[in-house]
Amino acid sequence: TDPALIRNFCIIAHIDHGKSTLADRMLQLTGVVEQRQMRAQYLDRMDIERERGITIKSQAVRMPWAADGTPHVLNMIDTPGHVDFTYEVSRSLAACEGCILLVDAAQGIEAQTLANLYLAMENDLTIIPVLNKIDLPAAQPDKFAAELAHLIGCDPGDVLRVSAKTGEGVGELLDEVIRQVPAPVGDADGPARAMIFDSVYDAYRGVVTYVKVVDGALGRRERIQMMSTGATHELLEIGVNSPEMTPSDGLAVGEVGYLITGVKDVRQSKVGDTVTFQRNGATQALGGYKDPRPMVFSGLYPIDGSDYPALRDALEKLQLNDAALVYEPETSAALGFGFRVGFLGLLHLEVVRERLEREFGLDLIATAPNVVYQVTMEDGSEFTVTNPSEFPVGKIAEVREPVVRATLIAPSEFIGAIMELCQTRRGSMQGMDYLSEERVELRYTLPLAEIVFDFFDALKSKTRGYASLDYEPTGEQAAALVKVDILLHGDKVDAFSAIVHKDKAYAYGVKMAGKLRELIPRQQFEVPIQAAIGSRVIARETVRAIRKDVLSKCYGGDISRKRKLLEKQKEGKKRMKMVGRVEVPQEAFIAALSSD
Ligand code: GTP
């Protein structure tokens with residue numbers, strides 16, 4: 001195809017503003033999918049995505065559309081919708097020349113829309129502002145058109161109005177995409193350079209890699225090279241999705257499509273990498289490649305120890321399709337054999353955990369998530385700590401923690417509540433803007449560790465669900481952080497060690513010691529439970545010794561999650577763990593970790 005007739009675009013939208021519905025409507029209108037065969041939300045292929053209404057993996061679809069009688073090719077590139085996948089979003093955007101900024105006409109701009117809009121601007125995309133759901137009685141298109149126009153600096157009259165549901169305005173929107181989005185430009189005669197913006201594992205075909213050809217052309221049977229690693233492969237198949245995979249002879253400048261090389265692992269075909277020819281290839285990779293870097297770690301343990309090999313196999317399988325997932329074996333005195341697993345963020349953690357439980361039938365317990373710390377000792381040596389129990393002892397010069405730039409949007413009546421929350425989470429305010437009279441955008445720098453710890457829940461409850469949040473990593477800062485250990489009869493319980501700000505150490509110690517006191521059964525002797533920073537005890541509780549006339553009360557504060565876990569435990573024989581001299585049923589540890 002002549003690049004002048006190609007338009008590559010994506011849709012940026014907050015969750016539930018109708019991105020999938022609009023994409024479906026476009027597929028239908030362009031005749032790519034017939035109404036009869038139309039499955040709801042064609043682009044979202046994973047069950048979890050569908051159930052939870054989130055898009056994790058992006059893909060691309062090619063659609064024909066004629067403008068003023070000239071047939072054009074539209075490539076719609078789907079972007080993942082969640083904060084944890086910012087890097088993948090940025091690569092999907094980099095494959096486009098324009099984007100549709102889709103906003104619910106009854107809701108207005110939300111934090112996620114804004115964060116992705118900033119990414120689109122960084123990538124110099126042409127932005128087409130669109131209000132969706134104009135069929136809703138609650139829609140306020142004039143109000144939100146003004147908001148959008150104010151935000152991106154256009155005329156309110158230039159904001160398109162559509163209903164993805166009824167199809168109203170969608171044909172005009174496609175015309176506008178052709179009119180406004182620039183055609184891709186590249187060096188057609190140069191050595192091939194294609195950017196990978198997605199990479200998906202398929203059980204039958206191996207890895208399917210999605211690329212945009214920037215320069216030159218790629219053809220079937222050619223030998224290609226991945227520029228970040230130098231690895232070479234043969235192109236077994238090349239083609240486009242429309243919407244099913246359709247093989248072709250090749251892809252030329254500006255085209256978007258897929259490659260199959262027979263590799264079995266997405267880490268051999270990394271998002272952001274540049275594909276070129278093995279022989280006489282390009283010498284300069286396209287900019288912007290980054291290795292995925294896990295930001296949040298958690299220990300994952302099977303509740304039934306005999307599931308350990310199954311957990312290992314399951315993690316191995318998930319990793320085939322998830323270049324950002326890392327893990328290594330770990331043992332805990334309290335929890336047995338498990339894995340230390342690294343994730344891009346909290347949602348990523350949740351999705352992986354849910355897939356392990358649902359698709360692989362595993363019952364798991366996770367330790368509290370922690371971020372990655374950089375520790376410099378007084379003698380100049382440096383450590384990277386991904387597990388609090390490995391925090392070094394001795395003379396520490398400095399501890400650094402990751403920080404994020406957070407964008408929060410809420411009705412202005414909640415400004416005070418949000419500022420207060422961010423304050424208690426060690427945030428520092430970077431700015432505030434009114435989007436309209438009653439809605440405000442707040443920008444904060446916050447330690448990632450504070451967000452990892454139930455920030456979403458706190459934000460939602462303080463703003464009655466009206467606030468939205470998005471964040472991206474921006475680097476690290478030094479902070480007064482200490483490790484708090486929990487000791488049982490003088491012995492450390494590894495799974496409960498935590499790295500916390502020194503001002504919060506006491507509260508953490510008191511909470512965990514109190515929780516364990518309720519959960520640990522009485523022994524023949526008195527068992528002190530202590531929270532300590534190094535050798536300094538900061539909190540103490542005691543499990544009193546068994547006396548004849550007192551029935552031992554084992555577990556307090558039952559809630560359904562705990563009970564479920566305990567019942568599961570009963571199925572097998574009771575497993576006791578020894579922590580020093582103290583015998584503790586494993587479920588006590590599990591219960592202490594699982595409820596809050
Ligand atoms: P995520 O995949 O979770 O990011 O959501 P999404 O942005 O893809 O939203 P989706 O297309 O799933 O739409 C969310 C809800 O809005 C669904 O219940 C749709 O039926 C509904 N919806 C989408 N477009 C319209 C519209 O134009 N009018 C009305 N009334 N409802 C719409």
Residue-wise HN-Hα coupling along the stretch 493-505, computed from phi with Karplus coefficients 6.51, -1.76, 1.60 (Hz; x: Gly, Pro): 9, 4, 5, 9, 5, 9, 9, 9, 5, 4, 6, 10, 4
Extension gain (nm, one decimal) between Arg221 and Phe525, 0.36 nm per residue minus Cα-Cα: 102.0 nm
Loop-resident sites, the stretch 209-248, for GluC sites (Glu not before Pro), counting at most 11 other Cβ within 10 Å (DSSP): Glu244
Two-site FRET efficiency, Ala66 against Asn280, from Cβ-Cβ distance with R₀ of 30 Å, rounded to 0.05: 0.20
Length gained when the stretch Glu354-Asp189 is fully extended (0.36 nm per residue, less Cα-Cα span): 54.6 nm
Separation of the Tyr466 and Met419 label points, Cα + 7 Å toward Cβ, nm: 1.7
Net length gained if the chain between Val393 and Asp249 were fully extended (0.36 nm per residue, minus Cα distance): 45.8 nm
Calculated FRET value between Tyr289 and Asp2, using beta carbons and R₀ = 30 Å, to 0.05: 0.55
For the stretch 302-365, size of Cβ-based charge dipole, Lys and Arg +1, Asp and Glu -1, in debye: 120
FRET efficiency, Gln140 to Thr474 (Cβ-Cβ, R0 45 Å, nearest 0.05): 0.85
Value of relative contact order over the stretch 427-496, rounded to a whole percent, pairs C-alpha under 8 Å and six or more apart: 16
Greater than 23 Å apart at Cα, pairs in Lys317/Lys483; Lys492/Lys577; Lys19/Lys270; Lys133/Lys460; Lys317/Lys492; Lys395/Lys492: Lys317/Lys483; Lys19/Lys270; Lys133/Lys460; Lys317/Lys492
Inter-label distance for Thr331 and Ser428, nm, one decimal - labels placed 7 Å from Cα along Cα-to-Cβ: 4.4
Paramagnetic reach from Ile546 (point 7 Å along Cα→Cβ, amide N under 17 Å) across the stretch 503-529: 519-528
Helix-only mean residue ellipticity at 222 nm for the chain, each DSSP H run of n ≥ 4 adding -39500 (n - 2.57), per residue, nearest 500: -7500 deg cm²/dmol
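Values in this text are rule-based calculations from the coordinates and carry no lab data. What you see is a predicted model; the values in this text were computed from it and never measured. Glycine gets a Cβ as well: all are built from the backbone with ideal geometry, and neighbour counts include every protein chain shown.
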